[in-house]
Amino acid sequence: MGDNPMPTAAQNFANHTRLDPLFHFVVLPGTLVLLVLSIVNLIRQGFTITGLWLLAASLIFVLLAFKARTYALKAQDRIIRLEERLRLQRILPDTQHSDIAKLTEGQLIALRFASDAELPLLTSKAVSENLTPGAIKKAIKSWRADYFRI
């Protein structure tokens, strides 16, 4: 898996979410299967020390998988927020700079998909109408792709 995946189609609202095959189809199901099997084992074999340790280890693996995913997404969100604040400062007219601080985290992250041309109007609408991230993405006419977010 490379750093810049080649898109199979132009990115838009309908197809902008991405899956990480190793995480979504191997790690996550694998840890959940391990958890279920450890519970089944505990029920069938009785509450033995080995069975309890297996259940504890399975729970730790499930939590580890979810926390690792959460940490990665939070780090990406922080970087996106910084990038978008810098982009907004560069693109918005000075009269609109106060709007930057009024945007929520979700709004900033959603605005990354807006083209430079529609960013000022969409930012104004996001602040004045308190648009949800989904509403912002749906309002975008010229989609600016982000192929790096997983």
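Coordinate-derived values only; no laboratory data. Nothing here was measured: the structure is a model prediction, and the numbers come from that model. As a convention, Cβ positions derive from the backbone with ideal geometry for all residues, glycine included, and neighbour counts pool all protein chains shown.
A few comments on the model shown:
- The trypsin sites (Lys or Arg not before Pro) found in segment 42-150 that occupy coil by DSSP, while having at most 12 further C-beta atoms within 10 Å, are 141.
- The mean of 1/r over all pairs of different alpha-carbon atoms in segment 19-74, once inverted, gives a Kirkwood hydrodynamic radius of 11.9 Å.
- Whole-percent P(r), the chain, all Cα pairs, 5 Å bins from 0: 1, 9, 14, 15, 13, 11, 9, 8, 7, 6, 4, 2, 1, 0.
- By the beta-carbon count within 10 Å of each Cβ, the least crowded to most crowded order of 84, 105, fewest first, is 105, 84.
- Dividing the helix sum by the residues of the chain, where each DSSP H run of 4 or more adds -39500 (n - 2.57), gives a mean residue ellipticity at 222 nm of -20000 deg cm²/dmol.
- Ranking of 150, 49 by count of other Cβ atoms within 10 Å, fewest first: 49, 150
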